[in-house]
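This report refers to the structure that appears directly beneath it.
The values are calculated or read from the model by the stated rules, or taken from the named source; none is laboratory data. This structure is a prediction, so every number in the text was calculated from the model and none was measured. As a convention, Cβ positions derive from the backbone with ideal geometry for all residues, glycine included, and neighbour counts pool all protein chains shown.
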Amino acid sequence: MDLRETLLGLLTQKPASGYDLKRVIAESDLFYWSGNNNQIYKVLLELQQEGLVTFEVQTQASLPTKKVYTLTDQGRRVLREGLLRPPEVPETRKNFLIQLACAQALTDEELLTLFERYEVEVQAGLNLARGLAERAAKHEGDSRQTWLDLMTRENIVQTWQAELDWARRTREELQEKTNKDKTKRN
């Protein structure tokens, strides 16, 4: 899904201002856009011009007025079409794999250190994902959306765990290979 469809999807939950939408995107680990104000407000203007959202200006005491956007029926149809498109397959292009493909210039010790650093970073990501999943699990509700949110969190945790398992196994095999090579040389 692109930012347009994501904004439409967020507006299905409840009407929101551009600031509210930016905050949801910024606070979530699910959305990979920076969600900066220029992007969001530009897309909201386009959506409004296309008749996919409407807005209502709300005055606030001692704060600037704000536009609160609401999804139109046409916006719901466009979102639905986007949601029914075939899902994209998981991304397998990773910078770390590119590093490994070019790692001939590294010594075994440097490569082992690289893996150790990668494991630390992946473990941190896994810890964060687990924490977010635990927080999400504490939210009350048995709605389908709550369940989908939990399943999404579970997928993220499993993805981080699989990456950590692979990194550990690969580092351990590299360590064994390095030790065997040292034994052969002696």
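In the list Thr152, Thr178, Thr146, which residue meets the criterion of being in a helix (DSSP H, G or I) and free of Cβ contacts under 8 Å to residues at least 60 places away in the same chain? I'd like the intermediate steps shown before the answer.
Numbers: Thr152 fails: free of Cβ contacts under 8 Å to residues at least 60 places away in the same chain; Thr178 fails: free of Cβ contacts under 8 Å to residues at least 60 places away in the same chain.
After ruling out the rest, the residue left standing is Thr146.
Among the residues making up the range 132-172, those that are over 15 Å from the mean Cα position of the chain (by Cα) and among the hydroxyl-bearing types (Ser, Thr, Tyr) are Ser143, Thr146, Thr170. Checking every residue in the range 84-101 against the condition of being hydrophobic (A, V, I, L, M, F, W, C) and touching a residue at least 40 places away in the same chain (Cβ under 8 Å) gives zero matches. When only residues in the range 137-154 that are under 13 Å from Leu30 (Cα atoms) and surrounded by 12 or more Cβ atoms within 10 Å (Cβ to Cβ) count, which is modelled with the lowest pLDDT? Residue satisfying both the conditions and the ranking: Asp149.
If only one of Thr65, Thr12, Thr70 is over 29 Å from Glu91 (Cα atoms) and either under 24 Å from the mean Cα position of the chain (by Cα) or at pLDDT below 95 (or both), which one is it? If you could, list the steps in order and put the result at the bottom.
On the way: Thr12 fails: over 29 Å from Glu91 (Cα atoms); Thr70 fails: either under 24 Å from the mean Cα position of the chain (by Cα) or at pLDDT below 95 (or both).
After ruling out the rest, the residue left standing is Thr65.
Among the residues of the range 78-115, write down those that are of a type in the set (D, E, K, R) and loosely packed, with under 13 Cβ neighbours inside 10 Å. Answer for the range 78-115, where residues must be of a type in the set (D, E, K, R) and loosely packed, with under 13 Cβ neighbours inside 10 Å: Arg80, Glu81, Arg85, Glu88, Glu91, Arg93, Lys94, Glu109, Glu110. Ala129 meets all of the listed conditions (1) hydrophobic (A, V, I, L, M, F, W, C); (2) within 23 Å of Ala16 (Cα to Cα); (3) touching a Lys or Arg at 6+ places or on another chain (Cβ under 8 Å) but one, namely (2).
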